[in-house]
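The values are calculated or read from the model by the stated rules, or taken from the named source; none is laboratory data. Everything numeric here is computed off the predicted structure, so don't read it as measured data. Ideal geometry is used to build each Cβ from the backbone, glycine not excepted, and the neighbour counts take in all protein chains shown. These accessible areas exclude ligands, DNA and RNA; they are computed on the full protein's heavy atoms, side chains included. Shrake-Rupley method; radii C 1.70, N 1.55, O 1.52, S 1.80 Å.
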Amino acid sequence: MLVITLTKAVPSRTTQVVTAGGVLRREAMELVLNPHDSKAFEAGDYVKRALGGKHIAISMGPHPKLIPLAMPLYHSQVQGVDEVYILSDRRMAGADTWATSYTLARGIKKVLDVHIAALEELRKLIEGGAPLEQVSEKARELYRKNLLPNRIYSELPPVRDHLIARLASGALTREEVLRELEGMKEELGLIIIFAGIKTTDGETGSTGPQVAEALSHLLGRIVGHITFVLEFSLADSGREVVALRRIGSYLQRLAGPLPMLLTIAPSYRPPPISASTRPQARLNNYRGKTPQPIVWDAAAIEAEPDKIGLAGSPTLVGPGVDIGRPPVRKFVGRSLVFAEDLPALSWDGQSLGPFKRGELADALPQELKERLRAEGKLTTFTLNMLVEEVFGR
């Protein structure tokens with residue numbers, strides 16, 4: 001089972017926003033993981049400990065900022081996550097909830113495809129009659145890449161009767177192993193996804209359900225979603241979710257099959273886990289942790305360029321305000337801005353600056369503006385400069 005938790009880096013000061021177009025320049029901000037996501041990680045950890053599998057975190061944003069934030073996730077919430085994937089590409093910048101959901105769904109599908117491809121690689125060797133030594137070597141290679149669960153291959157001393165060991169001993173025929181692998185391939189599609197109920201920089205609470213809708217389209221099957229989940233359990237050998245949620249003053253109990261996405265309420269508390277589940281959970285677990293986040297760009301997840309970032313966002317965000325600074329409005333083709341960074345300068349007995357490239361120059365004395373413009377240090381705000389502010393230089 002793949003257990004996926006979605007997380008997001010948000011500004012540590014939510015009042016500090018933006019550039020033209022209302023786009024957060026996350027690479028220039030002090031970021032923290034969204035506080036509401038902590039409950040989603042608790043839920044994902046509970047499922048892994050109860051049923052086994054691999055707990056994966058997926059986030060989207062500038063990877064130089066996200067990697068340091070992701071590292072503690074390997075050791076948080078009891079067992080911590082096993083892998084972290086960061087979707088990072090300048091073309092993803094400026095995404096609204098719609099484009100963000102599409103991008104995250106692409107990332108989830110890529111994770112699923114990678115694990116299915118590993119099973120297919122092993123299946124083709126067995127089906128093609130490859131020597132058992134070659135099959136075992138391939139299984140060992142995929143296991144060490146963290147792509148096969150202990151049920152198929154394991155180096156753990158307690159797990160002696162994994163699938164490949166039984167094939168090698170003659171306890172199972174190739175046909176029986178192939179049927180087992182096909183069943184495990186179907187089980188891989190029964191993913192469960194968790195997210196916080198909202199993010200502190202958006203507050204819409206819509207991204208989680210939209211990810212489920214986008215993923216449904218990509219997988220060609222329904223991925224259900226239940227929001228505001230207070231508690232949940234897994235029935236039918238982990239194939240069905242039964243969840244309790246609060247909508248206004250009403251409590252609802254809903255049930256649905258996997259794959260499923262749940263957004264977890266702040267009051268969620270994971271239930272205790274029986275020790276009797278540990279042997280089965282161990283079989284479903286993978287080799288261990290991959291303690292270095294994996295970064296994928298838009299090409300890696302096969303995202304369509306017109307569906308990600310600003311280009312794929314039907315919502316236009318209004319101008320943002322950085323509290324502590326006066327509101328700033330710049331107009332393409334009209335506003336006069338600095339063409340380069342300038343150190344502090346002295347003019348008419350006053351100290352002015354320093355100035356950053358792209359800052360408005362309206363407040364400068366007219367004579368000084370004319371001199372700096374003649375020197376090429378001031379210019380008219382252009383569309384290219386707007387694009388730089390949105391996406392970075």
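Below is a table of values for the structure above.
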{"read-out": "Dipole magnitude (debye, nearest 20) for the chain, charges at Cβ of Lys, Arg, Asp, Glu", "value": "580 debye"}
{"read-out": "Degrees separating the helix 97-127 axis from the principal Cα axis of the chain, which is the longest one", "value": "30 degrees"}
{"read-out": "Principal axes of the range 154-203: Cα extent on each, largest first, Å", "value": "57, 26, 10"}
{"read-out": "Whichever lysines have a C-alpha closer than 22 Å to that of Lys369, once near sequence neighbours (fewer than 8 apart) are set aside", "value": "Lys330, Lys356, Lys377"}
{"read-out": "Cα long-axis angle, helix 174-188 against the chain (0 to 90 degrees, to the nearest 10)", "value": "40 degrees"}
{"read-out": "Residues of type aspartates and glutamates that Lys145 reaches as a straight line, Cα spacing below 16 Å, ignoring anything fewer than 8 places off in the same chain", "value": "Asp82, Glu83, Asp113, Glu120, Glu121, Glu137, Glu155"}
{"read-out": "Computed helical MRE - 222 nm, the chain, DSSP H runs ≥ 4 contributing -39500 (n - 2.57), nearest 500", "value": "-10000 deg cm²/dmol"}
{"read-out": "Euclidean distance of C-alpha centroids, the range 112-127 and the range 265-318, integer Å", "value": "21 Å"}
{"read-out": "Expected-Rg normalisation [2.2 N^0.38 Å, Cα atoms] applied to the chain", "value": "1.21"}
{"read-out": "Sulfur and carbon atoms: percent of accessible area, the chain [1.4 Å]", "value": "53 percent"}
{"read-out": "Extent along principal axes [Cα atoms of the range 37-131; Å; largest to smallest]", "value": "50, 35, 23"}
{"read-out": "Contact order relative to length of the chain, as percent, for alpha carbon pairs under 8 angstrom and 6 or more apart", "value": "25 percent"}
{"read-out": "Charge dipole (the chain, unit charges on Cβ, about Cα centre) - positive-most of His75, Leu172, Met260", "value": "His75"}
